[in-house]
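Structure below; questions to follow.
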Amino acid sequence: MTDLHLPLDRGAGRLAAQIAAGFRAAVRAGRLTAGTRLPSSRDLARDLEVSRGVVVAAYEQLTAEGFLIARRGDGTRIAPLARPDDPAPAPPIDPAPAPLPSCDIPPDPGALYDLWPSQPDLSAFPRERWIAATRAALRTLPSDELTYPDPGGVRPLRTELAGYLGRVRAAVADPGRVVIMNGVAHGLSALVRVLIADGHRALAVEDPTSVRQLPMLEASGIRLVRVPVDADGVDVAALARTNARAVLVTPAHQYPTGVVLSPSRRAELIAWARDVDGVILEDDYDAEFRYDREPVGCLQGVDPDRVVLLGSVSKALAPALRLGWAVAPTGLATRLREHRGQTDLGAPVIEQYALAEFLRGGGYDRHLRTMRRRYRSRRDALADALATYMPGATVHGVSAGIHLYVELPPGSHEDAVLARAARSGVSAAGAREMWSAERAADAPPALVLGYARIAESRLVKAAQLLGKAVTGGTEG
Ligand SMILES: Cc1ncc(COP(=O)(O)O)c(C=O)c1O
């Protein structure tokens with residue numbers, strides 16, 4: 001049996017003794033730990049190609065020695081008292097784990113009011129429906145599909161996503177353009193590598209932006225050029241002054257300012273891409289959540305040969321699923337697929353089928369409808385409370401997404417406000433680190449507040465505490 005590593009030498013005496021010795025050695029080495037369930041004597045005998053009586057004899061011997069416990073209905077397990085002779089020393093606990101990029105990772109998981117942006121309401125994950133989708137997928141999945149998948153994603157998921165993105169985001173999507181990635185972050189880092197292979201040397205990135213992505217993009221070797229964002233979105237004239245032919249944008253809801261790319265800028269951006277024979281990477285990270293305005297179709301739908309649409313289930317369901325997609329021009333989609341084939345052989349198959357099933361059965365749409373209602377009400381509660389408790393602040397980006405961008409009253413000191421808020425139990429992100437060093441000094445002090453995970457009444461209290469933090473007070 002290969003996974004128990006029980007070597008047998010058929011010319012070297014009693015097989016039952018050899019099996020027993022193999023188990024003892026595995027327990028002593030710590031390879032088999034207390035509670036581990038062993039295969040039935042019948043299965044192990046079949047795997048080892050010995051008679052069942054040989055295994056029964058070995059199990060009885062080990063049970064007598066206290067290595068194993070056999071209980072009716074619970075099979076045979078390694079006994080709790082069986083200890084490795086020489087337990088391997090516990091790995092040292094790293095006293096200072098390498099810091100994660102600060103954006104999106106709550107600095108204080110114990111905060112009373114966690115307004116850290118970018119997280120959906122994880123407590124609302126539709127567990128039962130996801131279980132049902134997984135069960136349905138497993139029931140129907142042909143065994144042959146359990147091999148290495150198409151590295152670009154399984155066909156049923158690409159087909160469902162193409163339909164969904166066409167319907168909901170007005171994307172030009174067919175299964176041949178859709179490549180399954182482990183989220184937007186993975187899609188981006190794979191894409192920049194493909195772009196580098198195509199001769200791209202620079203990638204333009206909005207300023208401000210999500211700082212989490214910067215080191216990831218830089219690690220590819222591409223040079224990042226920051227381009228300012230104003231009230232209409234990314235400044236295309238400034239973009240045209242760079243020598244980049246690729247740009248990463250968040251048109252539906254700029255991260256972090258919440259600006260929606262204006263119609264004229266959308267047209268300018270597409271014209272720029274055509275002019276320079278360039279490519280637009282459209283990060284559609286929270287586009288499902290739109291409250292007070294008609295949904296704006298994605299840019300990719302305007303020019304599917306110039307725009308790559310990147311999205312994921314991270315905001316709609318949970319980041320933990322690590323499932324996302326790129327919808328790319330066919331040539332680029334093929335190279336992305338090849339890239340996956342060369343780097344990681346594709347995404348987990350059962351999850352892909354489960355998501356396909358979830359989309360097909362309407363579970364995704366239903367969940368989004370519920371969450372939109374919930375988030376809208378939380379957004380209203382926070383925006384109203386900020387108007388009351390932080391009257392000098394200007395709130396941006398309310399029409400969509402799951403965060404607000406709050407410019408603090410003039411004269412506020414961002415770090416001091418954050419520190420006072422933290423002392424009152426409110427965790428929030430400051431905007432300064434999201435700007436380039438060049439622009440950070442002139443950037444208005446601002447907070448980025450995620451409201452998805454906190455009920456209305458607690459958001460009101462958090463806004464009150466933030467208001468106090470702005471005026472210099474704290475509440476213990
Ligand atoms: C603007 C933006 N883009 C992309 C991502 C990454 O999302 P994913 O989980 O799909 O990799 C995030 C994560 O919070 C984000 O804030």
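Hey, among 432, 420, which residue is buried (at least 21 other Cβ atoms within 10 Å of the Cβ) and out of contact with any Phe, Trp or Tyr (no Cβ under 9 Å at 6 or more places or on another chain)? Lay out the reasoning, then the answer.
Working: 432 fails: buried (at least 21 other Cβ atoms within 10 Å of the Cβ).
Among 432, 420, only 420 is buried (at least 21 other Cβ atoms within 10 Å of the Cβ) and out of contact with any Phe, Trp or Tyr (no Cβ under 9 Å at 6 or more places or on another chain).
When you check residue 294 against the structure, is it crowded, with 22+ Cβ neighbours inside 10 Å, charged (D, E, K, R) and not assigned by TED's automatic domain parsing to the domain that holds residue 431, yes or no? Explain how you work it out, then say what you get.
Working: crowded, with 22+ Cβ neighbours inside 10 Å: no; charged (D, E, K, R): yes; not assigned by TED's automatic domain parsing to the domain that holds residue 431: yes.
For residue 294, the condition - crowded, with 22+ Cβ neighbours inside 10 Å, charged (D, E, K, R) and not assigned by TED's automatic domain parsing to the domain that holds residue 431 - is not met.
Here's something else I'd like to know. Please identify the pairs in which a residue from region 249-262 that is assigned by TED's automatic domain parsing to the domain that holds residue 234 and assigned to a loop (DSSP other than H, G, I, E, B) has its Cβ atom under 7 Å from the Cβ atom of a residue that is more than 9 Å from the ligand (Cβ to nearest atom) and of a type in the set (Lys, Arg), counting only partners at least 6 apart or on another chain.
If the second residue must be more than 9 Å from the ligand (Cβ to nearest atom) and of a type in the set (Lys, Arg), the pairs left are 251/266.
Scan (1) within 29 Å of the chain's Cα centre (by Cα); (2) among the β-branched types (Val, Ile, Thr); (3) within 30 Å of residue 295 (Cα to Cα) for the single condition residue 388 breaks and write down its number.
Unmet for residue 388, out of (1) within 29 Å of the chain's Cα centre (by Cα); (2) among the β-branched types (Val, Ile, Thr); (3) within 30 Å of residue 295 (Cα to Cα): (1).
Next question, about the same structure. If you check 185, 204, 171, which single one turns out to be surrounded by 22 or more Cβ atoms within 10 Å (Cβ to Cβ), of a type outside the set (Val, Ile, Thr), in the same structural domain as residue 283 (by TED's automatic domain parsing) and within 11 Å of the ligand (Cβ to nearest atom)? Can you show your working first?
Numbers: 204 fails: within 11 Å of the ligand (Cβ to nearest atom); 171 fails: within 11 Å of the ligand (Cβ to nearest atom).
Unique residue meeting the criteria: 185.
If residue 158 passes every condition in (1) within 16 Å of the ligand (Cβ to nearest atom); (2) under 22 Å from the mean Cα position of the chain (by Cα) but one, which one does it miss?
(1)
Related question: State yes or no: is residue 32 surrounded by 17 or more Cβ atoms within 10 Å (Cβ to Cβ), under 48 Å from the mean Cα position of the chain (by Cα) and not charged (D, E, K, R)? Break it down stepwise before answering.
Details: surrounded by 17 or more Cβ atoms within 10 Å (Cβ to Cβ): yes; under 48 Å from the mean Cα position of the chain (by Cα): yes; not charged (D, E, K, R): yes.
Considered against the rule, which asks whether it is surrounded by 17 or more Cβ atoms within 10 Å (Cβ to Cβ), under 48 Å from the mean Cα position of the chain (by Cα) and not charged (D, E, K, R), residue 32 comes out as yes.
Please work out which one of (1) within 16 Å of the ligand (Cβ to nearest atom); (2) crowded, with 18+ Cβ neighbours inside 10 Å; (3) within 22 Å of residue 117 (Cα to Cα); (4) not small (Gly, Ala, Ser) is the condition residue 336 fails and give its number.
(3)
Does residue 236 satisfy the criteria of being within 16 Å of the ligand (Cβ to nearest atom), at pLDDT 95 or above and touching a strand residue (DSSP E or B) at 6+ places or on another chain (Cβ under 9 Å)?
Numbers: within 16 Å of the ligand (Cβ to nearest atom): no; at pLDDT 95 or above: yes; touching a strand residue (DSSP E or B) at 6+ places or on another chain (Cβ under 9 Å): yes.
No, not satisfied.
Given the residues 79, 111, which is the only one that is modelled with pLDDT of 75 or more and under 30 Å from residue 210 (Cβ atoms)?
Result: 111 is the single residue among 79, 111 that is modelled with pLDDT of 75 or more and under 30 Å from residue 210 (Cβ atoms).
Cβ-Cβ under 8 Å, sequence separation 6+ or interchain: first residue in region 371-393 and closer than 14 Å to residue 458 by Cβ, partner exposed (fewer than 15 other Cβ atoms within 10 Å of the Cβ). Which pairs?
So the pair list comes out as 378/455; 381/457.
What are the residues in region 283-298 that are closer than 19 Å to residue 403 by Cβ, within 16 Å of the ligand (Cβ to nearest atom) and not aliphatic (A, V, I, L, M), if any? Steps first, please.
Initial filter on region 283-298 (closer than 19 Å to residue 403 by Cβ): 283-293, 295-296.
Restricting the remaining residues to those that are within 16 Å of the ligand (Cβ to nearest atom) gives 283-290.
Matches in region 283-298: 283, 284, 285, 286, 288, 289, 290.
Which ones in region 299-318 are within 16 Å of the ligand (Cβ to nearest atom) and either out of contact with any strand residue (DSSP E or B) (no Cβ under 8 Å at 6 or more places or on another chain) or at pLDDT below 95 (or both)?
Answer for region 299-318, where residues must be within 16 Å of the ligand (Cβ to nearest atom) and either out of contact with any strand residue (DSSP E or B) (no Cβ under 8 Å at 6 or more places or on another chain) or at pLDDT below 95 (or both): 315, 316, 317, 318.
The values are calculated or read from the model by the stated rules, or taken from the named source; none is laboratory data. Computed from a prediction, not measured in an experiment: that's the story for all the values here. Every residue, glycine among them, receives a Cβ derived from its backbone with ideal geometry; neighbour counts consider all protein chains shown.
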